[in-house]
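Participant: The structure under discussion is supplied below as structure tokens; questions concerning it will follow.
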Amino acid sequence: MTGEERRRQLVGIGRELFAERGFAATSVEEIAARAGVSKPVVYEHFGGKEGVYAVVVDQEMRILVDMVSEALGAEGARNKIEKAALALLRYVEEHTTGFLVLTRDSHVASGTGSFASLINDIASQVEYIMVDEFDQRGYDPVLAPMYAQALVGMWALTGQWWLEVRKPKREVVAAHLVNLAWNGLSNLDPKPRLQTRRR
């Protein structure tokens, strides 16, 4: 086995173990044992499990960002939202192990870790769509980043939920996400106020 083949093997095994057990519960010994090599081989290629994890996370983040970025290249705001929702759910479905790695040790709501960072990256891409839509509708475009975070966060949490239940089908889930996002966005109050009185 060449050095590159060995690296790919160790990354694949690391991805499976991190998805199954999480970062903290995975050891270099386990990675080496599954690969049928000694621990020094893992250290030689990656410097430890942190190195394996970093490569796995980087690869998965790139895959997901590429899928969502491609979707956001579509024409029309609603079409972009539909394609982005489908892209996220397609990633969850087709790259389940990678999605588990991204989310297991870093819940989107925590605000820290690789998945939160990924969500921030995607939200910044969605933000420019929101700015255009807000500008066209007379809303304050300064608030677009907040709405982008809310929209992408909704998708991400729904993706985590859907990973477990797998019902309804991907297209149905995406349609409902778009329904909530689009119909909610199309009827935004430009100056919302809370209805409840302060205590």
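Participant: Got a sec? Which of 36, 98, 47 is open to solvent by less than 60 Å² (accessible area, probe 1.4 Å) and free of Cβ contacts under 8 Å to residues at least 40 places away in the same chain?
Facilitator: Checking each option against the conditions leaves just 47.
Participant: Among 55, 65, 11, which is within 30 Å of residue 182 (Cα to Cα), open to solvent by less than 50 Å² (accessible area, probe 1.4 Å) and in contact (Cβ under 8 Å) with a residue 40 or more places away in the chain? Steps first, answer last, please.
Facilitator: Working: 55 fails: within 30 Å of residue 182 (Cα to Cα); 11 fails: within 30 Å of residue 182 (Cα to Cα).
65 is the lone residue from the list that is within 30 Å of residue 182 (Cα to Cα), open to solvent by less than 50 Å² (accessible area, probe 1.4 Å) and in contact (Cβ under 8 Å) with a residue 40 or more places away in the chain.
Participant: Conditions first: (1) within 13 Å of residue 84 (Cβ to Cβ); (2) open to solvent by 100 Å² or more (accessible area, probe 1.4 Å); (3) not β-branched (Val, Ile, Thr). Residue 146 passes all but one, so which condition is the exception?
Facilitator: Checking residue 146 against (1) within 13 Å of residue 84 (Cβ to Cβ); (2) open to solvent by 100 Å² or more (accessible area, probe 1.4 Å); (3) not β-branched (Val, Ile, Thr), the one that fails is (1).
Participant: Another one. Let me spell it out: the conditions are (1) hydroxyl-bearing (Ser, Thr, Tyr); (2) surrounded by fewer than 18 Cβ atoms within 10 Å (Cβ to Cβ); (3) under 30 Å from residue 179 (Cβ atoms), and residue 91 meets all of them except one. Which number is the exception?
Facilitator: Looking at each condition in turn, residue 91 falls short on (2).
Participant: Can you find even one residue in the stretch 160-183 that is open to solvent by 10 Å² or more (accessible area, probe 1.4 Å), out of contact with any helix residue (DSSP H, G or I) (no Cβ under 7 Å at 6 or more places or on another chain) and at pLDDT below 85?
Facilitator: So far as the stretch 160-183 goes, yes, one or more of its residues are open to solvent by 10 Å² or more (accessible area, probe 1.4 Å), out of contact with any helix residue (DSSP H, G or I) (no Cβ under 7 Å at 6 or more places or on another chain) and at pLDDT below 85.
Participant: For residue 21, all conditions in the list (1) open to solvent by 50 Å² or more (accessible area, probe 1.4 Å); (2) modelled with pLDDT under 90 hold save one; what is the number of the exception?
Facilitator: (2)
Participant: On the given criteria, is residue 118 crowded, with 20+ Cβ neighbours inside 10 Å and either of a type in the set (Val, Ile, Thr) or at pLDDT below 85 (or both)? Talk me through it step by step, then tell me what you get.
Facilitator: Numbers: crowded, with 20+ Cβ neighbours inside 10 Å: yes; either of a type in the set (Val, Ile, Thr) or at pLDDT below 85 (or both): yes.
For residue 118, the condition - crowded, with 20+ Cβ neighbours inside 10 Å and either of a type in the set (Val, Ile, Thr) or at pLDDT below 85 (or both) - is met.
The values are calculated or read from the model by the stated rules, or taken from the named source; none is laboratory data. Remember, predicted model here, so these are calculated numbers, not experimental data. Glycine also receives a Cβ, built like all others from the backbone with ideal geometry; neighbour counts cover every protein chain displayed. These accessible areas exclude ligands, DNA and RNA; they are computed on the full protein's heavy atoms, side chains included. Shrake-Rupley method; radii C 1.70, N 1.55, O 1.52, S 1.80 Å.
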